[in-house]
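To start, the structure itself, in structure tokens.
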Number of protein chains: 2
Amino acid sequence: MPNRDDVLGAAQRMLNADPAASMAGIAEAVGISRATMHRHFDSREALLVELGTRSLDRWEQRLDEAGVEALAAEGDPVRLREALEVLVLAYVDDSDAFGFALTDHVILANAALEERTQVLADREAVLVAAAQEAGVLRRDLPLRWFGHVTYGLLVAAREAVRIGDIARRDAGQLVLSSLLAGVATR
Amino acid sequence: MPNRDDVLGAAQRMLNADPAASMAGIAEAVGISRATMHRHFDSREALLVELGTRSLDRWEQRLDEAGVEALAAEGDPVRLREALEVLVLAYVDDSDAFGFALTDHVILANAALEERTQVLADREAVLVAAAQEAGVLRRDLPLRWFGHVTYGLLVAAREAVRIGDIARRDAGQLVLSSLLAGVATR
DNA sequence: CTCATGTGAGACACTGATGTCTCACTGCGA
DNA sequence: TCGCAGTGAGACATCAGTGTCTCACATGAG
């Protein structure tokens, strides 16, 4: 019998394939009844908020693993650049599982999640600011722009993989390379 | 009394603000009754398809203005680069009005629109391929990747403007500069 | 064996949206 | 002035999804 985590995992996969999936659809994909679905999660919103929380947990974990604050304090260009690369590649991996959370309206409209998103964006901005200081990232771009560009490229990669224009295994390097160096020759 | 074009324009603005807007909501925003709304468009889908068609019309117009095929045949690096810049800036402008069409499920699921999208993407790819040949765009990136990256940056700019992280008037240059040169120093 | 717990099936009420239809009104042209 | 085309208001049937509830059933622990 699928436990709560199994349900969350299956729901995640289902919602990635079809972000508008109904509770009935998700329950069917999980292999349980609607009744049991509602025994796990009071409402569809509760389910989505929990999945949103999960994705933020992952983001936070990535920032922790990178040691954002320490790196920023240190200010070493080489290590900053390396950390940025590792972080972006991790995001690409994660977007595979959590991608739908990037665009789901219910999740984006949730005040608590939005607040926490802001906190994490702030942490990330610390790294970006340090990288700008250290000459790793361009200083002529707004601090907050970097996060948006990264997000946009994740969306692009997701779509490109879905359509079949690029291979999944190439997504990370394409995103990283395009993000840092652009698509024009130099 | 709003004519059909007024209705389309108002619907476009409404759907950009709230992509899930109902026919009733759109009608109210336009300032007409639901009945009149349905006299103009048989169904919500019909309305969305027409808006999708409009956005593809605009895209096609941009490609025409750029003179894609002639430029590609010519192969002059300077003019190719210039055309790419003009095109991307035009896309940023257009995404202001047509942005919602980039992500709306009803529009994306329409077979006729998808087919036409493919045709236009093919035309654009001609320009990209020529630019790669001429050494303007990187040859180590897949041909189809360029379109996706551009799309992703449009999404990013839209969101960044919405949140207030960047000014609308800066969006064009930020997208263009990040697209071509990336966000890292060189 | 017995019982408690968890489950599936399905009925139910409710909501919000869609699309159709009627009817009365208004404004404009003939 | 008459008549007509277009409109708004609103009723109506329909549909899909949500969330609640009941009841029968299975399974595993004691």
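The values are calculated or read from the model by the stated rules, or taken from the named source; none is laboratory data. It should be emphasised that the depicted structure is a prediction, and the values quoted were computed from it without experimental measurement. So basically every Cβ, Gly included, is an ideal-geometry build from the backbone, and we count neighbours across all protein chains shown. Each accessible area value is taken on the protein alone, full model and side chains, heavy atoms only, with ligands, DNA and RNA left out. Shrake-Rupley method; radii C 1.70, N 1.55, O 1.52, S 1.80 Å.
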* **Angle between chain A longest axis and helix A:4-17 axis [Cα atoms, degrees, rounded to 10]** => 70 degrees
* Find, among the trypsin sites (Lys or Arg not before Pro) in the stretch B:105-160, those assigned to loop by DSSP (not H, G, I, E, B) with at most 12 other beta-carbon atoms within 10 angstrom. => B:Arg139
* Angle between chain B longest axis and helix B:44-66 axis [Cα atoms, degrees, rounded to 10] -> 30 degrees
* Asked: When the helices in the protein assembly as shown are scored as -39500 (n - 2.57) per DSSP H run of 4 or longer and the sum is shared across all residues, what 222 nm value do you end up with, to the nearest 500 deg cm²/dmol?
  -> -24500 deg cm²/dmol
* Positive end of the charge dipole of the stretch A:1-86 (Lys, Arg +1 and Asp, Glu -1 on Cβ, about the Cα centre): tell me which of A:Gly9, A:Val30, A:Pro77 has its Cα farthest that way. => A:Val30
* Structure fact -> Rounded to the nearest 10 degrees, the helix A:77-98 long axis (Cα) sits at an angle to the longest Cα principal axis of chain A of 20 degrees
* Asked: When the accessible area of each residue in the stretch B:103-129 is compared between its chain alone and the complete protein assembly (1.4 Å probe; ligands, DNA and RNA ignored), which residues differ by at least 40 Å², being lower in the assembly?
  -> none
* Roughly to the nearest percent, how much of the accessible area of the stretch A:48-181 is carbon and sulfur, given a 1.4 Å probe? -> 53 percent
* Enter the accessible area per residue of chain A (Å², integer; probe 1.4 Å; all protein chains in place). => 48 Å²
* Structure fact -> With a 1.4 angstrom probe the carbon and sulfur portion of accessible area for the stretch A:1-41, in percent, totals 51 percent
* Structure fact -> Interface buried area A-B, accessible surface with 1.4 Å probe, both sides summed, nearest 100 Å², comes to 3200 Å²
* Structure fact -> Taking a ≥ b ≥ c as the square roots of the eigenvalues of the Cα gyration tensor, with a/c under 1.5 meaning rounded and otherwise prolate when a/b exceeds b/c and oblate if not, the protein assembly as shown is oblate
* Difference of contour (0.36 nm per residue) and Cα-Cα distance, A:Asp122 to A:Arg34 -> 27.8 nm
* Asked: How big is the gap, in Å, between the Cα center of the stretch A:83-110 and the Cα center of the stretch B:62-125?
  -> 27 Å
* How many partner chain Cβ atoms sit within 10 Å of a residue's Cβ in peptide B:134-147, on average, as a whole number? -> 4
